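This report refers to the structure that appears directly beneath it.
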2 protein chains.
Amino acid sequence: MSSISVIGAGAWGTALAQVFANNNHDVTLWAREDALAQYISTHHENNIYLAGTPLHPHLKCTSDLSLASRAQDILMAVPAQFMNDVLARMAPQLTSSQSIIICAKGITKDSLELLSDSARHHCPTNPIAVLTGPNFAADIARGLPSASTLACDDAAQAKRIQHHLTSKNLRLYTTNDMIGAQVGGAVKNVIAIACGILHGLKMGESARAALVTRGLAEMARLSVRMGGQRETLMGQCGIGDLMLTCSSTQSRNFSFGARLATGEEHAPSRSVVEGVHTAYAAYHLTEKLNIEMPIVNAVHGCIYQHKSVKDAVHNLLDRPAREEKE
Amino acid sequence: MSSISVIGAGAWGTALAQVFANNNHDVTLWAREDALAQYISTHHENNIYLAGTPLHPHLKCTSDLSLASRAQDILMAVPAQFMNDVLARMAPQLTSSQSIIICAKGITKDSLELLSDSARHHCPTNPIAVLTGPNFAADIARGLPSASTLACDDAAQAKRIQHHLTSKNLRLYTTNDMIGAQVGGAVKNVIAIACGILHGLKMGESARAALVTRGLAEMARLSVRMGGQRETLMGQCGIGDLMLTCSSTQSRNFSFGARLATGEEHAPSRSVVEGVHTAYAAYHLTEKLNIEMPIVNAVHGCIYQHKSVKDAVHNLLDRPAREEKE
């Protein structure tokens with residue numbers, strides 16, 4: 001039995017598998033496409049999602065989900081909107097001692113659930129945790145230093161998983177607040193789209209920093225409303241991830257926002273940009289839970305309601321500060 | 001009597017004066033150098049500190065401190081280490097109804113005092129407030145949108161000043177926590193130097209985001225120890241300012257760190273980089289107050305104790321996460 005499996009061979013899943021292989025773990029990476037699994041096993045490179053990074057020679061890759069479902073710690077790195085399907089396929093093969101660690105960031109569009117709730121639904125007796133933070137796959141795969149939040153409501157499991165997964169270039173800070181950690185990871189992608197829009201409109205870096213701060217307040221409101229803690233957002237899963245995603249053209253969400261602002265991008269129906277889906281889910285959560293999230297609403301409006309990007313930004317920035325809580 | 005005076009015609013003081021002049025206030029800007037004051041009055045441009053930005057024609061500039069000491073709201077934008085001297089010169093000319101609003105970021109090196117404490121010392125009966133946030137002078141002077149924190153422990157004064165100073169491109173959020181607001185503004189410059197060092201050493205953006213998060217935790221610890229609130233750092237004066245200063249080569253502190261890492265810069269005795277002075281003051285505060293601030297200590301070591309930048313960074317990043325609170 002492998003000590004660690006990573007489910008999903010996108011850039012992030014591949015980078016995670018590489019980190020653990022470099023730390024002498026027995027790691028199995030699962031790719032949905034058979035051709036990719038074979039390529040990675042043969043060439044020790046993910047030529048589609050992480051081209052140019054030589055992978056550890058002991059890193060195994062398979063497209064057989066049952067083979068990848070045998071590890072002690074199973075890291076779920078498939079895109080958020082596929083999480084339910086993959087969990088449903090894996091669940092019958094798991095024993096209750098195996099841990100499921102959510103490594104994707106998002107909110108399920110149809111159920112408006114956090115991903116840990118999907119995991120709990122499919123695997124009610126397994127320990128469930130969340131790994132989330134400011135990590136560019138390319139940085140991590142190259143061995144550059146990074147840190148993340150490991151969220152788990154079972155303190156003993158949190159300690160065990162932290163110990164198992166901590167690696168030379170991946171520091172893990174623990175919290176028991178899985179809700180806050182997930183809301184941070186999901187909503188920051190929407191804030192990053194908004195920051196990309198400001199960047200595309202050449203509104204300046206001061207405006208962007210101000211918007212990130214207001215974005216943090218929005219995600220804290222949602223987190224608290226869903227049962228999480230405001231405090232959690234001060235960690236790697238909140239501030240850290242906002243800092244990274246909202247200031248770099250390396251971020252897909254940020255770049256998407258910039259292209260939206262310049263008219264190079266339009267409402268996508270099947271996007272690979274997580275924030276596009278999270279904007280939809282978070283907007284519907286604000287309606288369901290009756291909370292104010294002006295940035296989420298603005299981004300949703302631009303993507304799904306064909307609102308003018310410029311109008312949306314001016315509505316955001318011209319609204320008097322004293323009417324809203326920071 | 002002018003409604004607003006800005007004391008200090010550096011880039012930030014000039015930008016602030018410009019914002020208020022653009023909002024139809026009667027503004028007096030004070031420059032230490034007579035030649036600069038005359039140039040600004042004649043040419044409506046600050047050719048030394050904010051060259052290329054045409055200033056409002058009604059903006060008056062003087063080097064006569066008594067002329068500049070007559071406004072209702074007096075914004076103090078001289079460098080932190082000159083604040084004491086300038087306040088001492090102004091104090092005898094003020095009446096107790098005039099407000100003093102600290103717009104510099106730093107900690108007095110010899111007394112280890114916050115700047116509002118210096119103001120209180122010199123002007124014990126005047127209302128005192130702090131204006132601080134993520135603002136690049138060049139952005140603000142050009143009229144780009146921005147936001148800041150206005151901190152004042154007198155709620156009625158906070159409301160009045162917020163109302164008086166809020167401008168088309170400057171939103172103000174209020175807090176009663178002057179300590180937290182000032183610790184945020186001061187310490188972020190030290191964290192920015194550390195981020196510049198990581199940038200100079202090409203440690204990647206993920207590492208930088210992780211460091212910013214830990215920097216926030218350090219400033220929150222110092223703030224709480226000095227009597228401020230952790231919560232305050234979630235606003236523009238904390239997160240917002242970190243976001244801006246720690247991710248941009250436009251920031252003097254960030255660039256200084258980058259040059260320190262590449263060996264282009266050495267321990268400066270008379271630097272214009274605020275973080276260099278704050279590193280000194282904050283380090284001595286950690287000793288006095290017996291609190292842990294590993295990033296502040298590392299930056300202080302690199303600047304004042306000739307420690308190797310690489311060793312300092314590795315000490316920071318290799319320290320096990322579980323030993324410290326995030």
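The values are calculated or read from the model by the stated rules, or taken from the named source; none is laboratory data. None of these values were measured; they are calculated from a predicted model. Reconstructed Cβ throughout: ideal geometry from the backbone, glycine too, with neighbour counts over all protein chains shown. Heads up: the accessible areas ignore ligands, DNA and RNA and are worked out on the full protein's heavy atoms, side chains in. Shrake-Rupley method; radii C 1.70, N 1.55, O 1.52, S 1.80 Å.
Sequence gap at least 6, Cα distance under 8 Å: using those rules, report the relative contact order of chain A to the nearest whole percent.
Here the relative contact order equals 14 percent.
Can you tell which of A:Thr249, A:His284, A:Gly238 lies farthest toward the positive end of the dipole of the stretch A:223-300, using +1 and -1 charges on the Cβ of basic and acidic side chains (Lys, Arg; Asp, Glu)?
Of the options given, the answer is A:His284.
Distance check, please: which entries in B:Lys105/B:Lys168; B:Lys168/B:Lys202; A:Lys307/B:Lys159; A:Lys60/B:Lys202 exceed 27 angstrom between their Cα atoms?
B:Lys168/B:Lys202; A:Lys307/B:Lys159; A:Lys60/B:Lys202
Which of the trypsin sites (Lys or Arg not before Pro) found in the stretch B:138-186 are in a DSSP loop and have at most 12 neighbouring Cβ atoms, other than their own, within 10 Å?
B:Lys168
Using Cα springs under 10 Å in a Gaussian network model of chain A, which residue among A:Ala68, A:Ala261, A:Ala210 shows the largest mean-square fluctuation?
With Cα springs under 10 Å in chain A, the top fluctuation among A:Ala68, A:Ala261, A:Ala210 is at A:Ala210.
Apply 1/(1 + (r/R0)^6) to the Cβ-Cβ distance of A:Lys159 and A:Ser66, taking R0 = 30 Å, and write down the FRET efficiency to the nearest 0.05.
Computed FRET efficiency for A:Lys159 and A:Ser66 comes out at 0.50.
Closest beta-carbon to the A-to-B rotation axis: which chain A residue owns it, and what is the separation in whole Å?
Nearest Cβ to the rotation axis, residue and whole-Å distance: A:Ser247, 2.
Could you tell me how many degrees, from 0 to 90 and to the nearest 10, lie between the Cα long axis of helix B:294-304 and the main elongation axis, the longest principal axis, of the Cα atoms of chain B?
Approximately 80 degrees, to the nearest ten.
Taking amide hydrogens as modeled 1.01 Å from N in the peptide plane, which residues meet the under 5 Å criterion relative to B:Leu170, leaving out close sequence neighbours?
Placed amide hydrogens put B:Ser146 under 5 Å from B:Leu170.
Got a number for carbon plus sulfur as a percent of the stretch A:71-192's accessible area, 1.4 Å probe?
Whole-percent figure for carbon plus sulfur exposure: 53.
Can you work out the FRET efficiency for the pair B:His121 and B:Asp34, with r the C-beta to C-beta distance and R0 = 41 Å, to the nearest 0.05?
Computed FRET efficiency for B:His121 and B:Asp34 comes out at 0.90.
Which whole-angstrom value gives the distance between the alpha carbon centres of the stretch A:138-182 and the stretch B:92-128?
The stretch A:138-182 and the stretch B:92-128 have Cα centres separated by 44 Å.
For the stretch B:7-17, in order, what is each residue's ³J(HN,Hα) by Karplus, 6.51 cos²θ - 1.76 cosθ + 1.60 with θ = phi - 60°, in whole Hz (x at glycine and Pro)?
For the stretch B:7-17, the Karplus curve yields 9, x, 9, x, 4, 6, x, 5, 5, 4, 4 Hz.
Report the calculated FRET efficiency for B:Asp110 and A:Gln93 (r = Cβ-Cβ distance, R0 = 56 Å), to the nearest 0.05.
0.25
Counting Lys and Arg as +1 and Asp and Glu as -1, each charge on the Cβ, what is the dipole of the protein assembly as shown about the Cα centre in debye, to the nearest 20?
80
Sort shortest first the distances from B:His43 to its counterpart in every other copy, using label points 7 Å along the Cα-to-beta-carbon line, and give them in nm.
Inter-copy label distances (nm, one decimal, shortest first): 6.0.
Once phi is turned into ³J(HN,Hα) by the Karplus curve 6.51 cos²θ - 1.76 cosθ + 1.60 with θ = phi - 60°, what whole-Hz value does each residue of the stretch B:252-263 show in order, with x for glycine and proline?
These are the phi-based 3J(HN,Hα) values: 4, 5, 4, 5, 4, x, 4, 5, 4, 5, 8, x Hz.
Once the label point is set 7 Å along the Cα-to-beta-carbon vector, what list of distances in nm do you get between A:Lys109 and its counterparts in the other copies?
5.8
Taking square-rooted eigenvalues a ≥ b ≥ c of the alpha carbon gyration tensor, is the stretch A:117-248 rounded, prolate or oblate, where a/c under 1.5 means rounded and, failing that, a/b exceeding b/c means prolate?
Judged from the Cα gyration tensor, the stretch A:117-248 comes out oblate (a/c at least 1.5, b/c at or above a/b).
Mind ordering B:244-251, B:274-281, B:105-112, A:86-93 by average Cβ neighbours within 10 Å, highest first?
B:274-281, B:244-251, B:105-112, A:86-93
If Rh is defined by the Kirkwood formula over all Cα pairs and Rg also comes from Cα, what ratio Rg/Rh do you get for chain A?
Here the Rg-to-Rh quotient is 0.97.
Quick one: accessible area per residue over the protein assembly as shown, 1.4 Å probe, rounded to a whole number of Å²?
I get 37 Å² per residue for this part.
For label points placed 7 Å from Cα toward Cβ, what is the shortest-first list of nm distances from B:Asn290 to its copies?
Label-point distances to the other copies, shortest first: 5.0 nm.
DSSP loop (so not H, G, I, E, B), at most 15 other Cβ within 10 Å: list which trypsin sites (Lys or Arg not before Pro) in the stretch B:240-316 pass both filters.
Loop-located and lightly packed - B:Arg270.
Run lengths n ≥ 4 of DSSP H only: what is the helix-derived mean residue ellipticity at 222 nm for chain B, with -39500 (n - 2.57) per run over all residues, to the nearest 500?
It comes out at -14000 deg cm²/dmol, rounded to the nearest 500.
So between A:Tyr304 and A:Asn47, what do we pick up on full extension, going 0.36 nm a residue minus the alpha carbon distance?
Gain in length upon complete extension: 89.2 nm.
Are there residues in the stretch B:234-252 whose accessible area shrinks by at least 40 Å² when all protein chains are included rather than the chain by itself, and which are they (probe 1.4 Å, ligands and nucleic acids not counted)?
When all protein chains are present, B:Met234, B:Gln236, B:Ile239, B:Met243 each give up 40 Å² or more of accessible surface.
How much length is gained on full extension from B:Lys202 to B:Phe82, taking 0.36 nm per residue of separation minus their Cα-Cα distance?
My answer for the length gained is 39.7 nm.
Given +1 on the Cβ of Lys and Arg, -1 on the Cβ of Asp and Glu, and no further charges, what dipole in debye does the stretch A:1-135 carry about its Cα centre, rounded to the nearest 20?
It works out to roughly 120 debye.
Quick test of your reading: applying the under-4.7 Å Cβ rule, which cysteines of chain A are isolated?
Cysteines of chain A left without a disulfide-compatible partner: A:Cys61, A:Cys103, A:Cys123, A:Cys152, A:Cys237, A:Cys302.
What whole-number distance in Å separates the alpha-carbon centres of the stretch A:215-242 and the stretch A:256-304?
Spelled out, the Cα-based centre of one part sits 18 Å from the other.
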